[in-house]
Amino acid sequence: MVTASGGTLFLVVGPSGVGKDALIRAAHRRLLPHGFVFPRRWITASHDRGEDHIPVSCADFDEAVARGFIDLNWAAHGLRYGIPATVRDDLSGGLHVIINVSRSLILEARARFPRVRVVHVTAAKELVRLRLLQRAREDADGIEERMQRSAPSPADQGDVVPFSNHLPLPESADRFAQTILAARCC
């Protein structure tokens, strides 16, 4: 069932540590004038997580889903994540929505939204390991466990845009913004 039309829903996906949130933050000012919105995810985690999100308890998360305040949602790494339902209004109004999500949501998003682009972010393993160490959310064993997980790539249905995040952040952010702008649906 299609729930929104107008703008393009950009799903930014890729393994932990490839720099998805950093790219989105750094490209924000470049994309904002072009009709992009950047909804904050609901996460069952505290404010001190190091990312801009709406922290909620598991009970509040369940209630938000039940009341329709959260649209797409998933669980990963012992946490629950949700996309606010306001994205439907943004898309209907012709705005483009860009958000970091789990690859597990791609099929559902494709089924529910008519204009989806999947930006698959990758980076070299050594760079990912360094970023995970710098992020300092996990100990060395936890980082190695993340590094060993093999995550499937999103199935390409003509809507997948590959992006290698291997350059310094300012340069990567410029390239990321250009990639996103070029991938908008008409």
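The values are calculated or read from the model by the stated rules, or taken from the named source; none is laboratory data. Since we're looking at a predicted model, the values are computed, not measured. Note that we place each Cβ from the backbone using ideal geometry, even for glycine, and neighbour counts take in every protein chain shown.
One residue stands out among those in region 59-89 that are touching a Ser or Thr at 6+ places or on another chain (Cβ under 7 Å) and of a type outside the set (Phe, Trp, Tyr): the one that is surrounded by the most Cβ atoms within 10 Å (Cβ to Cβ), which is ARG88. Considered as a group, the residues in region 90-102 that are of a type outside the set (A, V, I, L, M, F, W, C), surrounded by 19 or more Cβ atoms within 10 Å (Cβ to Cβ) and within 15 Å of the chain's Cα centre (by Cα) include one that is modelled with the lowest pLDDT, and that residue is ASN100. Scanning region 133-152 for residues that are farther than 23 Å from ALA26 by Cα, in contact with a helix residue (DSSP H, G or I) (Cβ under 8 Å, 6 or more places away or on another chain) and surrounded by 11 or more Cβ atoms within 10 Å (Cβ to Cβ), we see that the one that is modelled with the lowest pLDDT is ALA151.
The single residue among PHE69, PHE10, PHE36 that is in contact with a strand residue (DSSP E or B) (Cβ under 8 Å, 6 or more places away or on another chain) and over 23 Å from LEU181 (Cα atoms) turns out to be PHE69. One residue stands out in region 104-127 among those that are surrounded by 19 or more Cβ atoms within 10 Å (Cβ to Cβ) and closer than 11 Å to LYS20 by Cβ: the one that is modelled with the lowest pLDDT, namely ALA123.
With respect to ALA75, determine if the residue is small (Gly, Ala, Ser), more than 13 Å from the chain's Cα centre (by Cα), farther than 27 Å from HIS166 by Cβ and at pLDDT below 95. Taking the combined requirement at face value, the residue satisfies it. Condition check: crowded, with 19+ Cβ neighbours inside 10 Å, under 23 Å from ASP52 (Cα atoms), touching a helix residue (DSSP H, G or I) at 6+ places or on another chain (Cβ under 8 Å) and at pLDDT below 95. Does PHE176 satisfy that? Answer is no for this residue.
Does GLY19 qualify as being within 16 Å of ALA173 (Cα to Cα), buried (at least 16 other Cβ atoms within 10 Å of the Cβ) and modelled with pLDDT under 95?
In short, yes.
Tell me, yes or no, whether region 72-89 has at least one residue that is of a type in the set (Phe, Trp, Tyr) and touching a Pro at 6+ places or on another chain (Cβ under 8 Å). No, region 72-89 contains no residue that is of a type in the set (Phe, Trp, Tyr) and touching a Pro at 6+ places or on another chain (Cβ under 8 Å).
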